[in-house]
Amino acid sequence: MFLYRTLYKYSLTGQGNPQIATSTNSVDFGNTIIGSTNDRTMTITNTGTANLIISNYTMTSDRFEIAPNFVPDTLTPSQTKNYTLKFTPNAFDTTSAQLRIVSNDAVTPTKIITLRGKGVFNGSYISSPILHLFREKN
């Protein structure tokens with residue numbers, strides 16, 4: 001099996017290098033009603049001195065999304081772009097995942113953002129152990 005990676009050319013003549021920076025390294029969506037979507041804003045900034053080329057966004061869970069999700073995406077030096085991270089739970093549980101941003105930053109070729117959210121029911125919900133105890137007392 002062969003693994004191919006994109007090669008990037010770095011100038012040693014002083015033309016600079018790209019550097020990725022994000023507004024956060026982790027996002028907690030908190031409690032989100034099952035079937036609804038909870039949004040958070042994140043920014044990506046190129047703090048380097050050459051164009052930053054984002055070649056891929058990967059989520060480790062399909063309950064999370066990023067928008068826009070167009071690749072390749074180029075940020076010029078000092079440019080900042082806004083992105084929307086979305087969490088849509090489909091079960092009553094806590095979900096953790098990673099957003100992996102692949103770019104031509106030589107120091108941090110894959111920037112990882114940790115994501116977390118909890119799917120909850122809408123309205124009141126009594127779990128079966130509590131309901132069981134209530135029935136025994138009556």
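The values are calculated or read from the model by the stated rules, or taken from the named source; none is laboratory data. Everything numeric here is computed off the predicted structure, so don't read it as measured data. Glycine also receives a Cβ, built like all others from the backbone with ideal geometry; neighbour counts cover every protein chain displayed.
Mind telling me which of the residues THR24, THR6 ends up being modelled with pLDDT under 95 and in a loop (DSSP other than H, G, I, E, B)?
Details: THR24 fails: modelled with pLDDT under 95.
Going through THR24, THR6 in turn, the sole match is THR6.
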note = Restricted to the range 72-83 and to residues being in contact with a Ser or Thr (Cβ under 6 Å, 6 or more places away or on another chain) and assigned to a loop (DSSP other than H, G, I, E, B), the residue farthest from SER103 (Cα to Cα) is PRO77
